Amino acid sequence: MHIGCHLSVSKGYLAMGREALRIGADTFSFFTRNPRGGGAKAFDREDIAALAELLEKEDFAPLVAHAPYTYNLCSDKEANRDFAERSMKEDLERLEDLRGNYYNFHPGNHMKQGSEVAVRIISDSLNRIMWPGMGTVVLLETMAGKGTEVGRSFEELASIIEKVSLKENIGVCLDTCHVYDAGYDIVLDLQGVLREFDRIIGLSYLKAVHLNDSKNPFASHRDRHEKIGQGYLGKDCFTEVINCPSLRDLPFILETPQEDNDGYRDEIAMLRAMSEK
Ligand code: FE
Ligand code: FE
Ligand code: ZN
């Protein structure tokens, strides 16, 4: 089982790798720059190279970098679209020093332009951002459908993927809290939801899973994460998720509300104990 959590990049890249090892993780996620806006963290290629070495030596699974929430590729304002596109391109260029990992992003908010328009804007943008031979697979995250969020349905994600040229560099990250919130009942019928994912998107595009319980009931479109086993999804649902043959080899990333990384350490230990392999 490959599992980790979201880590802070504030002490650098190698420090994240060491912290992951300390808490029993063999993958993790991190923001490619300050999520509350601001510039990119001073880019230290030596530090990244040191992390790359550690990942190799300790046999990490692929990492799942996370684009800042401030990016909105399908904004109704040109300046915001341009900012998101430029920043994502830069993030992906930096990630060439860590080839072989994932870069997850929220497809965006269509701001009343409608999701069909947004899907076209997003895929056009991805086609300008991505390049043949790039070392990273870009992941669209399944969203809860809060406000005008795009990516609330498998159909929306499929129509973006369909229009992206470089199919080998695009995929999906399934967030358990978000899909349940969006109206896919993984508590009562995980297998049925995965069959639907396969029919509409294709399971080969599923590359990573965000493991989060939900503070809100089914289909509430609120997006509030809860600790594993303490929300509406419940422990049994996670036992099924982490042992499911189509999911169990993917990197699992925790984004649960924890006071500190020791909270994640305990949650990782609990999930490893729930894993059957
Ligand atoms: Fe996310
Ligand atoms: Fe998530
Ligand atoms: Zn969320």
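Please treat every number below as a calculation from the coordinates, not as lab data. If you're wondering where the values come from, they're calculated on a predicted model, not measured in any experiment. FYI the Cβ positions are ideal-geometry reconstructions off the backbone, even for glycines, and counts take in every protein chain you see.
Would you list which lysines come within 22 Å of LYS146, measuring only between C-alpha atoms, while excluding same-chain residues fewer than 8 positions from it?
Cα-Cα hits under 22 Å: LYS77, LYS112, LYS215, LYS227.
In sequence order, what are the phi-derived ³J(HN,Hα) couplings for the range 171-186 according to the Karplus relation 6.51 cos²θ - 1.76 cosθ + 1.60 with θ = phi - 60°, rounded to whole Hz, with x for glycine and proline?
Per residue, the Karplus-derived 3J(HN,Hα) values read x, 10, 10, 8, 9, 4, 5, 5, 5, 5, 5, 7, x, 10, 7, 7 Hz.
Once Rh for the range 111-157 is found with the Kirkwood sum over Cα pairs, what is the Stokes-Einstein diffusion coefficient at 37 °C and 0.692 mPa s, in µm²/s?
276 µm²/s
Ordered by residue, what ³J(HN,Hα) values in Hz, to whole numbers, does the range 101-113 give under the Karplus form 6.51 cos²θ - 1.76 cosθ + 1.60, where θ = phi - 60° and Gly and Pro are x?
For the range 101-113, the Karplus-derived couplings read 10, 10, 10, 9, 9, 7, x, x, 10, 7, 6, 6, 7 Hz, x marking Gly and Pro.
Hey, got a sec? Which trypsin sites (Lys or Arg not before Pro) in the range 82-159 land in a DSSP loop and have at most 16 other Cβ atoms within 10 Å?
Passing both the DSSP loop test and the Cβ count: ARG99, LYS112, LYS146.
Apply 1/(1 + (r/R0)^6) to the Cβ-Cβ distance of PHE218 and GLN258, taking R0 = 22 Å, and write down the FRET efficiency to the nearest 0.05.
Using R0 = 22 Å, I get an efficiency of 0.35.
Any chance you could get the radius of gyration and Dmax over the Cα atoms of the chain, in Å?
17.6, 49
With a cap of 15 neighbouring Cβ atoms within 10 Å, and only residues DSSP puts in a loop, list the GluC sites (Glu not before Pro) found in the range 43-124.
Here the GluC sites (Glu not before Pro) that fit, given the DSSP loop and packing criteria, are GLU58.
Quick one: give the max-minus-min coordinate of the C-alpha atoms of the range 87-143 along each principal axis, largest first, in Å.
38, 21, 16
Show me the GluC sites (Glu not before Pro) within the range 203-272 that DSSP assigns to loop and that have at most 13 other Cβ atoms within 10 Å of their Cβ.
The qualifying sites are GLU259.
Give the long-range amide H neighbours of SER214: residues separated by 5 or more places, or on another chain, with amide H under 5 Å away, using H modelled in the peptide plane at 1.01 Å from N.
It is GLU226, GLY231, TYR232, LEU233, GLY234, by chain and number.
Test of understanding: what is the full-extension gain from ILE200 to ASP59, defined as 0.36 nm times their sequence separation minus their Cα-Cα distance?
47.4 nm
Could you tell me whether the range 137-277 comes out rounded, prolate or oblate from its Cα gyration tensor? Rule is a ≥ b ≥ c as square roots of the eigenvalues, rounded for a/c under 1.5, then prolate if a/b exceeds b/c, otherwise oblate.
Verdict is prolate for the range 137-277.
How much length is gained on full extension from LYS11 to LYS163, taking 0.36 nm per residue of separation minus their Cα-Cα distance?
Full extension of this stretch gives 50.9 nm more.
Apply the Karplus parameterisation 6.51 cos²θ - 1.76 cosθ + 1.60, with θ equal to phi minus 60°, to every residue of the range 137-151 and state each ³J(HN,Hα) to the nearest whole Hz, in sequence, with x for glycine and proline.
Here the 3J(HN,Hα) series is 9, 8, 10, 8, 8, 5, 10, 6, x, 6, x, 9, 4, 9, x Hz.
Can you give me the long-range amide H partners of GLY108? Hydrogens built in the peptide plane at 1.01 Å from N, cutoff under 5 Å, separation of 5 or more residues or another chain.
For GLY108, whose amide H was placed from the backbone, the distant partners under 5 Å are VAL150.
What Kirkwood Rh does the range 215-277 have if only Cα atoms enter the pairwise 1/r average? Answer in Å.
One decimal place: 12.6 Å for the Kirkwood radius.
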